[in-house]
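First up is the structure itself, then whatever we jot down about it.
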Amino acid sequence: MNKRPANELSEAHSKLLIAAEKCCENAYAPYSKFRVGAALLAKSGKVYLGVNVENCSFGLTICAERMALGAAITAGEREFDAIAIATDTGAMPCGACRQMLAEFGNMQVLACRSSDGRVLATQLDQILPYSFRLTDDVAGSETC
Ligand code: THU
């Protein structure tokens, strides 16, 4: 895992972070006050946005990452290069979002702390090793 300033990112990933930061303003988070913006870069080059959408029935809240994924899948995308997430704290995607993203393979994950622009850059398979799959063949892996 790698904490590095945004100026060391590729142009595409820098733009992705800016998109995540900008859409974060539209988060609907009246209960937690914790705004999340996500920008998902498909291999097609298109970017799909999502924000967290909370509900007075708290458990119905949907995370920003899954909103972005839904928008991308709805548009017919299936392959992804990276997801950028913007929050005040630099939070990483929750476990549920990691699993939903992992359905579509590995990708870069960029978590940005808006206050100082610090970015934590890693890969999805690093933050969700041994993800659930229907087809996993455990033979040959670290079994005992
Ligand atoms: N949230 C996200 O949008 N993404 C995550 O990966 C974790 C949490 C949202 C849900 C809720 O609206 C707020 O952050 C506080 O949990």
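The values are calculated or read from the model by the stated rules, or taken from the named source; none is laboratory data. Being a predicted model, the structure only gives us computed values, none of them experimental. Ideal geometry is used to build each Cβ from the backbone, glycine not excepted, and the neighbour counts take in all protein chains shown.
Among (1) modelled with pLDDT of 95 or more; (2) part of a loop (DSSP other than H, G, I, E, B); (3) at negative phi, there is one condition G90 misses while meeting the rest; what is its number?
(3)
Determine if the range 101-113 includes at least one residue that is touching a Ser or Thr at 6+ places or on another chain (Cβ under 7 Å) and assigned to a helix (DSSP H, G or I).
Yes, that holds for at least one residue.
Can you name the residue in the range 47-83 that is closer than 24 Å to P30 by Cβ and of a type in the set (D, E, K, R) and is also surrounded by the most Cβ atoms within 10 Å (Cβ to Cβ) among such residues?
It comes out as E65.
For a quick check of your reading of the model, give me the residue pairs whose first member lies in the range 29-50 and is farther than 16 Å from A91 by Cβ, whose second is among the β-branched types (V, I, T) and more than 8 Å from the ligand (Cβ to nearest atom), with beta-carbon atoms closer than 6 Å and at least 6 apart or on different chains.
Close Cβ pairs (under 6 Å, with a partner that is among the β-branched types (V, I, T) and more than 8 Å from the ligand (Cβ to nearest atom)) amount to L40/I83; L41/V47.
Within the range 100-111, take every residue that is buried (at least 18 other Cβ atoms within 10 Å of the Cβ) and within 13 Å of the ligand (Cβ to nearest atom) and give me the one that is farthest from T87 (Cα to Cα).
Out of the qualifying residues, it is L101.
Does N52 count as farther than 17 Å from L124 by Cβ and within 11 Å of the ligand (Cβ to nearest atom)?
Numbers: farther than 17 Å from L124 by Cβ: yes; within 11 Å of the ligand (Cβ to nearest atom): yes.
Judged against the criteria, N52 is a match.
Of (1) loosely packed, with under 12 Cβ neighbours inside 10 Å; (2) aromatic (F, W, Y); (3) in contact with an Asp or Glu (Cβ under 7 Å, 6 or more places away or on another chain), Y28 satisfies all except one. Which?
Unmet for Y28, out of (1) loosely packed, with under 12 Cβ neighbours inside 10 Å; (2) aromatic (F, W, Y); (3) in contact with an Asp or Glu (Cβ under 7 Å, 6 or more places away or on another chain): (1).
Within the range 84-99, identify whether any single residue is crowded, with 22+ Cβ neighbours inside 10 Å and free of Cβ contacts under 8 Å to residues at least 60 places away in the same chain, and answer yes or no.
Our first condition is that a residue be crowded, with 22+ Cβ neighbours inside 10 Å; within the range 84-99, this holds for 84-87, 93, 97.
In the following step, the residues that additionally are free of Cβ contacts under 8 Å to residues at least 60 places away in the same chain were identified as 93, 97.
Within the range 84-99 (the criterion being crowded, with 22+ Cβ neighbours inside 10 Å and free of Cβ contacts under 8 Å to residues at least 60 places away in the same chain), the answer is yes, since at least one residue qualifies.
Any idea which of (1) modelled with pLDDT under 95; (2) surrounded by 15 or more Cβ atoms within 10 Å (Cβ to Cβ) is the one F132 doesn't satisfy?
With respect to (1) modelled with pLDDT under 95; (2) surrounded by 15 or more Cβ atoms within 10 Å (Cβ to Cβ), F132 is out only on (2).
On the basis of being of a type outside the set (V, I, T) and either at pLDDT below 95 or over 21 Å from F132 (Cβ atoms) (or both), does L40 make the cut? Before the answer, list the steps.
Working: of a type outside the set (V, I, T): yes; either at pLDDT below 95 or over 21 Å from F132 (Cβ atoms) (or both): no.
Spelling it out, it is not the case that L40 is of a type outside the set (V, I, T) and either at pLDDT below 95 or over 21 Å from F132 (Cβ atoms) (or both).
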